[in-house]
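Shown next, in structure tokens, is the structure this report addresses.
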Amino acid sequence: MAQADEQPLGKRLFQAGWRQGTIFTARVAYLSNGAGGGDQARVDQRRIRANERLVLITQDCDLVAAPSDEPFVEALICHQEAKTDRLARLDRNSARYFVIDPKGGLVAVARYRVQLDKALLLDTQPQPWPNDEQRLGRFVRWLGRRYNRPALPDALVELLQRPVEAALEQIDQEQPDVGTAFSEAVSEIRINMPEREEPPFTLQMLFLVPGRSLSERQLEAIAIGAERIRASVDSLQVRLDPEPRILSDEELSVAEYFATRPLFLEYLTYRGDEVAGEPPTPGA
């Protein structure tokens, strides 16, 4: 049997506990290209801060692959969010942020993607995914949706997505306990894609829940959220079913999964209050 230091690099990392979803720290920088003078590009950078973490997003098979085929791994920068109301909002279908650990407040930021040489991981301590397998599965799906999510028609954004955001934000402000229970219960709000680009739209809203067992508090929060959403949209322009469907991951069929799309709720990035840290400073 080959000694550990004689095994391929990827296998050594895998045996050491590295997986997609591994949390770690590293003294690296987030780099971005900016416009320079003439035909020269400017490279800007922002160092990973002491209170930030990284989450590995490279698939396990690419991690194990030989460096000649896959020399690098990718990771996202994660920041700590202390405000529970913001965590609850981000945990509702955000395309730009993913709440890795609701209790610890760890949030992955899609725009901060770094590439690392695999060898750098050898001297770095991997920390296991801090939540359950169910949330890890959601994280993997979220990574893929960053690239394959369809754009909603502009009219539908104005007539449905923004009213839904406003309705849920109002709940968070007026009934924070209800907003928290809603976020705990609903992992995705999905809608069928409309057959036309212009209103009126006929839509069915589907609330995807992580498990079959919901508490009375969570069921009540879903009912309140659904009622607020129905009241927030123009019923002449958006025709919603009287009652949303509530399905667990196990109950959602493959056909229905592909026939519906998540309704991504960004809450206007907190109206400009950026919590993910500053972008690279030009010329740094």
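Quick look at the numbers
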{"item": "Residue, surrounded by the fewest Cβ atoms within 10 Å (Cβ to Cβ), within the range 208-226, restricted to residues that are modelled with pLDDT under 90 and among the small types (Gly, Ala, Ser)", "result": "SER213"}
{"item": "Any chance SER187 is surrounded by 20 or more Cβ atoms within 10 Å (Cβ to Cβ) and either more than 21 Å from ARG86 (Cβ to Cβ) or at pLDDT below 90 (or both)", "result": "yes"}
{"item": "Any pair with Cβ under 6 angstrom, 6 or more apart, that starts in the range 67-82 at a residue that is closer than 29 Å to PRO102 by Cα and in the same structural domain as VAL55 (by TED's automatic domain parsing) and ends at one that is surrounded by 14 or more Cβ atoms within 10 Å (Cβ to Cβ) and small (Gly, Ala, Ser)", "result": "LEU76/ALA108; CYS78/ALA108; HIS79/ALA276; HIS79/GLY277; GLN80/GLY105; GLU81/GLY105; ALA82/GLY105"}
{"item": "Candidate set from the range 111-167 (those that are of a type in the set (S, T, N, Q) and modelled with pLDDT of 90 or more); member that is nearest to MET205 (Cα to Cα)", "result": "ASN131"}
{"item": "Yes/no for GLY179 being small (Gly, Ala, Ser), loosely packed, with under 15 Cβ neighbours inside 10 Å and on the phi < 0 side of the Ramachandran plot", "result": "no"}
{"item": "Residue match in the range 41-55 (condition: without any contact (Cβ under 8 Å) to a residue 60 or more places away in the chain and of a type in the set (Asp, Glu))", "result": "no"}
{"item": "Among the candidates ALA50, ALA82, ALA66, residue that is closer than 30 Å to GLU188 by Cβ and either hydrophobic (A, V, I, L, M, F, W, C) or touching a His at 6+ places or on another chain (Cβ under 6 Å) (or both)", "result": "ALA82"}
{"item": "Any hit, the range 86-98, residues being more than 21 Å from ARG145 (Cβ to Cβ), surrounded by fewer than 16 Cβ atoms within 10 Å (Cβ to Cβ) and not assigned by TED's automatic domain parsing to the domain that holds PRO176", "result": "no"}
{"item": "Entirely in the range 127-228, the helices (runs of 4 or more DSSP H) that have 1 or more residues that are free of Cβ contacts under 8 Å to residues at least 12 places away in the same chain and assigned by TED's automatic domain parsing to the domain that holds VAL109", "result": "133-148"}
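Residue by residue, here is whether (1) under 30 Å from ASP44 (Cβ atoms); (2) at pLDDT 90 or above; (3) of a type in the set (S, T, N, Q) holds:
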| position | (1), (2), (3) |
| --- | --- |
| LEU206 | no, yes, no |
| ARG228 | no, yes, no |
| LEU247 | no, yes, no |
| TYR257 | no, no, no |
| GLY272 | yes, no, no |
| PRO280 | yes, no, no |
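The values are calculated or read from the model by the stated rules, or taken from the named source; none is laboratory data. Computed from a predicted model, the values in this text were never measured in an experiment. No Cβ is skipped: glycine too gets one built from the backbone with ideal geometry, and neighbour counts run over all protein chains shown.
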